[in-house]
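Engineer: My structure is below; once you've seen it, I'll send some questions.
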Amino acid sequence: MRPLRPNPEVPALMRRYARLRTRAASPSTTDLAMMERALDLARDAAAKGEVPVGAVVYETTTGKVLAEAANARECEADPSAHAEFLAIRAACASRGDWRLNDCTLVVTLEPCIMCAGLIVNARVGRVVYGADDPKAGAVRSLYRLLEDPRLNHRITPMRGVLSSASSALLREFFRARR
Ligand SMILES: [Zn+2]
């Protein structure tokens, strides 16, 4: 038998494994329930001619909903009226505090640069989102603003939660408009 020699690749493999394990965090049952709620809000938005995106902010430990919103850009004629932007502002207003460290944002679509900026500024504790947005996403697709080590607040986002329902809504909305 040949003597066992340490495999030089092992440390790198173990590091990779550790990374995969931390990335594989799965949504809680509360996250899933909130995503269902956000999807309902997105459906309501579509009925008003808005791009269907919905968002909920809840207290992570208690599950208490602080705010929810749907995209309202057309109705409000406001470029900042994205679902998660409205929900974060309403959550802060409801508590009289601009910090949301103990809260989770659940949103059906990957946040854009504006919303990712607000997430960082509001110190949102957790972010759970549905579909990726390859054209405007600033969490993973185009930028990784929530994980940028140069910023003073970092969040490991959870993506792909009920994403097929979110994608189907968006697809259906744009198909009907064509
Ligand atoms: Zn946005």
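Laboratory data are not the source of any read-out in this text; all were calculated from the coordinates shown. Remember, predicted model here, so these are calculated numbers, not experimental data. For neighbour counting, all protein chains shown are included, and Cβ atoms are generated from backbone atoms with ideal geometry for every residue, glycine included.
Engineer: Ordered by residue, what ³J(HN,Hα) values in Hz, to whole numbers, does the range 93-99 give under the Karplus form 6.51 cos²θ - 1.76 cosθ + 1.60, where θ = phi - 60° and Gly and Pro are x?
Structural biologist: 5, 5, 9, x, 8, 7, 9
Engineer: Given Cα pairs under 8 Å that are at least 6 residues apart, what percent is the relative contact order of the range 134-178?
Structural biologist: 18 percent
Engineer: Which of these, 165, 12, 138, has the largest mean-square fluctuation under a Gaussian network model of the chain (Cα springs below 10 Å)?
Structural biologist: Its mean-square fluctuation being the largest, the pick is 12.
Engineer: Classify the range 94-167 as rounded, prolate or oblate, taking a ≥ b ≥ c as the square roots of the eigenvalues of its Cα gyration tensor: rounded when a/c is under 1.5, otherwise prolate if a/b is larger than b/c and oblate if not.
Structural biologist: Oblate, since a/c reaches 1.5 and b/c is not below a/b.
Engineer: Mind checking the full-extension length gain between residue 62 and residue 154? Use 0.36 nm per residue of separation minus the Cα-Cα distance, one decimal, nm.
Structural biologist: 30.9 nm
Engineer: Helix 10-23 against the longest principal axis of the chain: what's the angle in degrees, Cα atoms only, rounded to the nearest 10?
Structural biologist: 20 degrees
Engineer: Would you mind telling me which residue in 150, 159, 95 has the biggest mean-square fluctuation in a Gaussian network model of the chain, where springs connect alpha carbons within a distance under 10 angstrom?
Structural biologist: Highest fluctuation among the options: 150.
Engineer: Separate question: Rounded to the nearest 500, what is the chain's calculated 222 nm mean residue ellipticity when only DSSP H runs of at least 4 contribute -39500 (n - 2.57) each, over all residues?
Structural biologist: The helix contribution divided over the chain gives -13000 deg cm²/dmol.
Engineer: So, one more: Please express the shape of the chain as an equivalent ellipsoid: the semi-axes are the square roots of 5 times the eigenvalues of the C-alpha gyration tensor, given largest first in whole angstrom.
Structural biologist: 34, 19, 15
Engineer: Quick one: Debye curve from the C-alpha atoms of the range 31-107, no solvent, what's log10 I(q)/I(0) at q = 0.19, 0.23, 0.25 Å⁻¹?
Structural biologist: -0.71, -0.96, -1.07
Engineer: All other residues with a Cβ under 13 Å from the Cβ of residue 151 taken together, and with Lys, Arg as +1 and Asp, Glu as -1, what is their net charge?
Structural biologist: Net charge around residue 151: +2.
Engineer: Among the chymotrypsin sites (Phe, Trp or Tyr not before Pro) within the range 80-153, which fall in a DSSP loop and have no more than 15 other Cβ atoms within 10 Å of their own Cβ?
Structural biologist: Here the chymotrypsin sites (Phe, Trp or Tyr not before Pro) that fit, given the DSSP loop and packing criteria, are 98, 143.
Engineer: Apply 1/(1 + (r/R0)^6) to the Cβ-Cβ distance of residue 78 and residue 29, taking R0 = 22 Å, and write down the FRET efficiency to the nearest 0.05.
Structural biologist: The value I calculate is 0.05.
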